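Okay, structure first, notes after.
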């Protein structure tokens, strides 16, 4: 990052009225860009922001590693006899939990960003309306990929051996990304709805902690009381974790994949329109 | 390219926007002819930005209607968006990105290809004297540079209508003049500009018609000349060498200018508000006054001629002041409510 010399102290080059006039004469406009093109452009904006503020990758690197180490060694001995055995079971689950947890940062960045003047400009452009929001999520998909790769690398070092091989692992991550994209519309909604960053954060915590912990990520639901099993067995996180676990183990968990995609569709169909309504009314 | 060439650029009728109990915009009627600069003048909180946001399709009016080039801002928002550009009160560019990145981003969003967006961006940066700062993040730009990149972003595609919301608030006089030059260049190419400002002299410099708004209502509308005539031509401020001569100077000025003359708290200073209706320009009247004082042997140490300030416009139009100190521009007038 270049350290700016105080710009005020330097004289600004005067505006060139002639070249400005020449530029303004051009009245022809390019055709309206497609929804995909504007969404990808907004995704590029998100990536540029990562480039300028790389510190923001901390949450997708350090946090997942911390989770993995903590849960593997904390519960491994008690639940599976040894951390080495436990990691075979728990890694896909922790991967799901960590990525789903970091999706909530989307809401916070939307909340911070939307108050800035640049959003007024985006909203006054003749483009497909959801593309700014979709752009965030595309940028975030990159972050989730980084988090997944980091966790898998650490997992492999700790002794995790996926039977599904490269293909199984990639399929698992792809399913996780699809689900996270749909799930994130909850956060874009909160990001637009809440007044402050802090309130977005606290509401997100209230949603994310029960949802990720009350699942089959850490233990088999059969050990839980009946009423909790009812919740856990029907949680989208449970379906997702089972599907990812299966794919990475080289199986083809069709039912769990279908449930996961079904949930993703429902989340997108419910929270996508609510987000866009808030976005248009902001 | 328009099928509505005969339409005014903006036409609103009874536009209303309320936030809770506040009627931020309370029945605004505007008609802005195409190809001109239209000034919307008013203090903070008058409803200027809210009006602009409704016209730029960012806010939905609660009542009334607004058309931009004949298109309804609610029902035909997308058509409106394709013809307008907005430069908001706070820089409407991404502060985390560099100047080039901002322009390429917006160029892409407007449908330019990668190469075309970059080329247009570079040309604009060059025309705006920002080539050296092109690779710097906008958050490191000075106020004047921000305004430039902001306006550059607004003319990536030459808009038919450009909203400039307080484009010079917070700028030093030099940067301010440069922004004015840019606005003139944009209008010279046929773009209509709606300019909001707190400064009468800015509206005076740029706009052909002006609407004064206060508390969400248009309280005066007309050409610059019409508006000024309703306010007065301005005021003269004098500092005399000798405080003892002040009563005599006051008497002379009162007779000569048929003006309201007020002594200052400073014992050697006084000011006179000039009448607009006298036929003479403010400068003529001031020259006469100086001549008269010289003939009477009164020594004047310093002299200044001020345009009516926004405070005076408001006082004249509404009977109350703007409720804020407008430490602004050339409006040098200060009301002295000290009992003399």
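Say whether the condition of being within 25 Å of residue A:19 (Cα to Cα), at the interface with another protein chain (Cβ under 10 Å from one of its Cβ atoms) and in contact with a strand residue (DSSP E or B) (Cβ under 9 Å, 6 or more places away or on another chain) is met by at least one residue in the range B:110-131. No, the range B:110-131 contains no residue that is within 25 Å of residue A:19 (Cα to Cα), at the interface with another protein chain (Cβ under 10 Å from one of its Cβ atoms) and in contact with a strand residue (DSSP E or B) (Cβ under 9 Å, 6 or more places away or on another chain).
For the range B:14-36, state whether one or more residues are crowded, with 16+ Cβ neighbours inside 10 Å, out of contact with any helix residue (DSSP H, G or I) (no Cβ under 6 Å at 6 or more places or on another chain) and either free of Cβ contacts under 8 Å to residues at least 12 places away in the same chain or outside the structural domain of residue B:206 (by TED's automatic domain parsing) (or both). The answer is no; no qualifying residue exists.
Of the residues A:57, A:20, A:48, A:12, which single one is over 23 Å from residue B:79 (Cα atoms) and touching a strand residue (DSSP E or B) at 6+ places or on another chain (Cβ under 9 Å)? When all the criteria are applied, what remains is A:48.
Under the condition of being within 22 Å of residue B:93 (Cα to Cα) and facing another protein chain (nearest Cβ under 9 Å), the residues counted in the range B:185-209 number 3.
When A:183, A:166 are checked against the criterion of being crowded, with 24+ Cβ neighbours inside 10 Å, farther than 30 Å from residue B:146 by Cβ and out of contact with any strand residue (DSSP E or B) (no Cβ under 8 Å at 6 or more places or on another chain), a single residue qualifies: A:183. A single entry from B:216, B:170, B:222 fulfils the requirement of being more than 14 Å from every other protein chain (Cβ to nearest Cβ) and free of Cβ contacts under 8 Å to residues at least 60 places away in the same chain: B:222.
So is residue B:162 modelled with pLDDT of 90 or more, more than 8 Å from chain A (Cβ to nearest Cβ) and in a loop (DSSP other than H, G, I, E, B) or not? So residue B:162 does not fit the description; no. In the range A:170-193, the condition of being more than 19 Å from the chain's Cα centre (by Cα) and on the phi < 0 side of the Ramachandran plot is met by no residue. Screening B:74, B:104, B:93, B:40 for residues that are closer than 19 Å to residue B:12 by Cβ and crowded, with 18+ Cβ neighbours inside 10 Å leaves exactly one candidate, B:40.
Taken as a whole, the structure places residue A:135 among residues that are within 14 Å of chain B (Cβ to nearest Cβ) and touching a residue at least 24 places away in the same chain (Cβ under 8 Å). For the range A:13-72, a residue qualifies if it is surrounded by 14 or more Cβ atoms within 10 Å (Cβ to Cβ) and away from chain B (no Cβ under 12 Å), and the qualifying residues are A:57, A:59, A:60, A:61, A:63, A:64, A:65, A:67, A:68, A:69, A:71, A:72.
Inspect all residues belonging to the range B:318-326 and state whether any of them is at pLDDT 60 or above and either assigned to a helix (DSSP H, G or I) or in the same structural domain as residue B:250 (by TED's automatic domain parsing) (or both). Yes, some residue in the range B:318-326 is at pLDDT 60 or above and either assigned to a helix (DSSP H, G or I) or in the same structural domain as residue B:250 (by TED's automatic domain parsing) (or both). The numbered conditions (1) closer than 30 Å to residue B:58 by Cα; (2) in contact (Cβ under 8 Å) with a residue 24 or more places away in the chain are all true for residue A:281 except (2).
The values are calculated or read from the model by the stated rules, or taken from the named source; none is laboratory data. Bear in mind the structure is a predicted one, so any value in this text is a computation, not a measurement. Note that we place each Cβ from the backbone using ideal geometry, even for glycine, and neighbour counts take in every protein chain shown.
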